[in-house]
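Asks: Sending over a structure as structure tokens; questions will come in a sec.
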Amino acid sequence: MDIVKLNYEIDSLSIVFMKPHIEGNDPIFEIVIDQFDKRKKINRIIFNFEKVSYINSLGIAELISLMRYFQGFNPKAKFKFIELDKKIAKIFKMVELGNLADIETR
Amino acid sequence: MTGTDFMLEKSVYSTQSDRLELIEYIINFFDRNYLYVTIDRYEFYLILDEAVSNAMEHGNKWNKSKKIQVRIYRKDNSKIGILIKDEGDGFDTSLVSTTPNGSKITPLRGRGIFIMKTFCEVGWNESGNEVNLILKMKSANG
């Protein structure tokens, strides 16, 4: 089973999480940086949580690590979390991830 | 917690599979004993996960030979406590912030603790290697 899929569209990158739980026990960060085409100029990174029903703080740490990584390539890159379960969105807002990315629920 | 009658005492090794089994075991224990907490199932699972993951990650460094111990007790008629202890050196609990701080919410431990504190009372023993989660119970009339 795929853990994560990357899709490119013009200047944006969409990262689709394929497993229902993000809890720090899958090498998401390593997979993404391995698959990321570093030659591309990316201005927007969209994290798609359509298939995700649960995330804990270890999973949130993975997301923040990824955002830092992409900011290293483009400090002006914009981030967006889409298709979020409402309960996960509540947790994200609670830990102030809304300061780092736009948040859209399902 | 000497002299306390524990409703449940259980130890598991620090592995991902034990982590998941333990969380489910605790939730099933609450269900079997008609212990209804005021937070919902998602929030209950999340705070247990944060506490257990914290113990396994920061306390035992995912060392498969190290255990964490869980004990559940009645604090009073309206509250129930869950003690989770690891074999680590503990940490300075005075450094725990009560709110995240924008983009500075980088320390993993801080974020997990903040989530726990949002949904229940949280305390530690003196050395910082045992967390005490105190949950409110639903009253008999809901």
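The values are calculated or read from the model by the stated rules, or taken from the named source; none is laboratory data. Computed from a predicted structure; not experimentally measured. Positions of Cβ are backbone-derived with ideal geometry, glycine not excepted, and every protein chain shown enters the neighbour counts.
Asks: Residue by residue through region B:47-81, note down the ones that are farther than 21 Å from residue B:7 by Cβ and of a type outside the set (Asp, Glu).
Replies: The answer is B:53, B:54, B:56, B:58, B:59, B:60, B:61, B:62, B:63, B:64, B:65, B:66.
Asks: If you don't mind, there's one more thing I want to ask. Mind checking which residues of region B:53-70 are touching a Gly at 6+ places or on another chain (Cβ under 8 Å) and in a strand (DSSP E or B)?
Replies: Answer for region B:53-70, where residues must be touching a Gly at 6+ places or on another chain (Cβ under 8 Å) and in a strand (DSSP E or B): just B:68.
Asks: So the check is Cβ under 8 Å with 6+ separation or different chains; which pairs have a first residue in region A:86-101 that's facing another protein chain (nearest Cβ under 7 Å) and a second one that's crowded, with 17+ Cβ neighbours inside 10 Å and among the small types (Gly, Ala, Ser)?
Replies: A:95/A:57
Asks: Turning to a different aspect of this structure: Is one or more of the residues making up region A:37-59 under 22 Å from residue B:119 (Cα atoms), modelled with pLDDT of 95 or more and exposed (fewer than 13 other Cβ atoms within 10 Å of the Cβ)?
Replies: no
Asks: If you don't mind, there's one more thing I want to ask. Looking only at residues in region B:1-18 that are of a type in the set (Asp, Glu) and either buried (at least 16 other Cβ atoms within 10 Å of the Cβ) or part of a loop (DSSP other than H, G, I, E, B) (or both), which one is farthest from the other protein chains (Cβ to nearest Cβ)?
Replies: Among residues in region B:1-18 that are of a type in the set (Asp, Glu) and either buried (at least 16 other Cβ atoms within 10 Å of the Cβ) or part of a loop (DSSP other than H, G, I, E, B) (or both), the one farthest from the other protein chains (Cβ to nearest Cβ) is B:5.
Let's see how each residue does on (1) within 13 Å of the chain's Cα centre (by Cα); (2) of a type outside the set (S, T, N, Q):
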position: A:1; (1), (2): no, yes
position: A:29; (1), (2): yes, yes
position: A:40; (1), (2): no, yes
position: A:65; (1), (2): yes, no
position: A:73; (1), (2): no, yes
position: A:103; (1), (2): yes, yes
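Per-residue answers, yes or no, for (1) buried (at least 19 other Cβ atoms within 10 Å of the Cβ); (2) touching a strand residue (DSSP E or B) at 6+ places or on another chain (Cβ under 9 Å); (3) more than 10 Å from chain A (Cβ to nearest Cβ); (4) modelled with pLDDT of 85 or more:
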| site | (1), (2), (3), (4) |
| --- | --- |
| B:59 | yes, yes, yes, yes |
| B:70 | yes, yes, yes, yes |
| B:73 | no, yes, yes, yes |
| B:96 | no, yes, yes, no |
| B:120 | yes, yes, yes, yes |
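Asks: Can you tell me which of (1) of a type outside the set (A, V, I, L, M, F, W, C); (2) away from chain B (no Cβ under 14 Å); (3) closer than 24 Å to residue B:19 by Cα; (4) under 11 Å from the mean Cα position of the chain (by Cα) is the one residue A:80 doesn't meet?
Replies: The one condition residue A:80 does not meet is (3).
Asks: Output the residue which, of all residues in region B:19-43 that are more than 12 Å from chain A (Cβ to nearest Cβ) and of a type in the set (A, V, I, L, M, F, W, C), is farthest from the chain's Cα centre (by Cα).
Replies: B:35
Asks: For residue A:13, indicate whether it is touching a helix residue (DSSP H, G or I) at 6+ places or on another chain (Cβ under 6 Å), away from chain B (no Cβ under 14 Å) and either more than 30 Å from residue B:52 (Cα to Cα) or not basic (Lys, Arg) (or both).
Replies: In short, no.
Asks: Which of the residues that make up region A:44-76 are in contact (Cβ under 8 Å) with a residue 24 or more places away in the chain and more than 14 Å from every other protein chain (Cβ to nearest Cβ)?
Replies: A:44, A:45, A:46, A:47, A:48, A:49, A:50, A:51, A:70, A:73, A:74, A:76
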